[in-house]
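In what follows, a single structure is set out as C-alpha cells and then discussed.
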Amino acid sequence: MNSKLMIASFLFIALATACNNEEKTAEASTEATTPNYKEEAVRYLGDSANMIGWLVYDANNQAKRPAVIVVPEWWGLNDYPKKRARQLAELGYVAMAIDVYGDGKTADNPDSAQAYATPFYMNPAKAKARIDAAIAQLKTNPMVDGSNVAAIGYCFGGGVLLNTARLGTDLKGVVSFHGSLIGTPANKDLLKTAILVCHGAADTFVPAEEITIFKKQMDSIGAKYTFKSYDSAKHAFTNPVATETGQRFNIPVAYNAAADTASWNDMKVFLGELFGAKK
C-alpha cells in the first residue's frame, strides 16, 4: 500500500470513529433528557401510625426540584390521587400522594369513608401531624428542594389542607379542589401559606354563606389567597368517576370536564408562580 493510500485509510477510520462517538454521545444525551417516570411506595410513621405514601418522579432528572403532596378524597389513597401524582411528575415535580388514614386504608362506600374521615374533621391537629410527617419524609428525598414544597387536596383532602395551613404547617402553598372551607380559625401569626381554592359553583356541600365567611376570615388577616369558582360544577367535579359514584350512592357529586381542565390549569399557574424558575 502506497503512502497516500495509507493516509487516506487512516483518515477514513478516524472519521468513522469520530462519527460513531458522536452518535453514542447523542444517544446518551437523549436517554438522559427523556423522562423516566418511577413510582414507588414510601413507608414512614405519622402520628404513631404506619403511613404508606405513593411517590412519583422522573428518575432521569438529577436536579433538586419542587415537590407537591397530594391529599386524597375521603376514599383514601386509591387510584385517583396516584393519577394526580403522575400528572404532577409530568409537570416536572416530585409528587407524593399520601395516606392520611394509615396502613393504606381505603373506603368503597360513604359510610366507611365517613368513619375514616370524621376523626380528622373533629381533630384538625391530628391531620396536621400526619401531613407534617409526609412533608418531613418528602424533604429527606435528595431530589427535593426542601424550600419549595406545596400540597394539593381533593374534597376531604382540600378541607384538611386548608385546616392544616391555618394551623401553620410548613408548606409554601396549598390548592383545595372542591374542599370544605370552614374549620380552624384564621390566624395571621400562623397562616403563612399561599392558598388557591378551586370551587364548584353548584357544590351543595359548600353553601354560599360558608364562602362568604371564608373570604371574610382570609381578608381579615391579609391572607394571600385566590378563590376560583367554576360554573355548573358540583362537588367532586375533578374526579372522572364522580358521576357514577353519585348515581350509585345517591349523593350530589358529578364530574365536570370543563371545570376539571380549568382548575388544573389554574393550579399549574399557581404552582408556577409559587416556585418561580426553580422547577
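The values are calculated or read from the model by the stated rules, or taken from the named source; none is laboratory data. From a predicted model like this one, the values you see are computed outputs, not experimental measurements. All Cβ positions, even for glycine, are placed from backbone atoms using ideal geometry, and neighbour counts span all protein chains on display.
Considering only residues that are of a type in the set (D, E, K, R) and either in contact with a Lys or Arg (Cβ under 9 Å, 6 or more places away or on another chain) or within 26 Å of Ala89 (Cβ to Cβ) (or both), look in the stretch 105-140 and name the one that is surrounded by the most Cβ atoms within 10 Å (Cβ to Cβ).
As a first pass, look at the stretch 105-140 and keep what is of a type in the set (D, E, K, R): 105, 108, 111, 126, 128, 130, 132, 139.
Retained after the next criterion (residues that are either in contact with a Lys or Arg (Cβ under 9 Å, 6 or more places away or on another chain) or within 26 Å of Ala89 (Cβ to Cβ) (or both)): 105, 128, 130, 132, 139.
Working: Lys105: 14, Lys128: 22, Arg130: 24, Asp132: 18, Lys139: 14.
Checking each candidate, the answer is Arg130.
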Worksheet item: Any residue in the stretch 198-205 that is over 16 Å from Tyr80 (Cβ atoms) and out of contact with any strand residue (DSSP E or B) (no Cβ under 9 Å at 6 or more places or on another chain)?
Response: no
Discussion item. Of all residues being buried (at least 16 other Cβ atoms within 10 Å of the Cβ) and assigned to a loop (DSSP other than H, G, I, E, B) in the stretch 36-65, which is modelled with the lowest pLDDT? Just the residue, please.
Written reply: Asp47
Discussion item. Can you pull out every residue in the stretch 242-260 that is in a helix (DSSP H, G or I) and touching a Cys at 6+ places or on another chain (Cβ under 9 Å)?
Written reply: Ala259
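Residues in the stretch 66-78: is at least one surrounded by fewer than 21 Cβ atoms within 10 Å (Cβ to Cβ), farther than 26 Å from His235 by Cα and touching a residue at least 40 places away in the same chain (Cβ under 8 Å)? Walk me through how you get there before you give the answer.
Taking the stretch 66-78 first, the residues surrounded by fewer than 21 Cβ atoms within 10 Å (Cβ to Cβ) are 78.
Cutting the leftovers down to farther than 26 Å from His235 by Cα gives us none.
No, the stretch 66-78 has no match at all.
Farther than 13 Å from His199 by Cα, surrounded by fewer than 21 Cβ atoms within 10 Å (Cβ to Cβ), small (Gly, Ala, Ser) and at pLDDT 95 or above: is that true of Ala257 in this structure?
Working: farther than 13 Å from His199 by Cα: yes; surrounded by fewer than 21 Cβ atoms within 10 Å (Cβ to Cβ): yes; small (Gly, Ala, Ser): yes; at pLDDT 95 or above: yes.
So Ala257 fits the description; yes.
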Fill in: Checking Arg130 against (1) out of contact with any Gly (no Cβ under 8 Å at 6 or more places or on another chain); (2) in contact (Cβ under 8 Å) with a residue 60 or more places away in the chain, the condition it does not meet
(1)
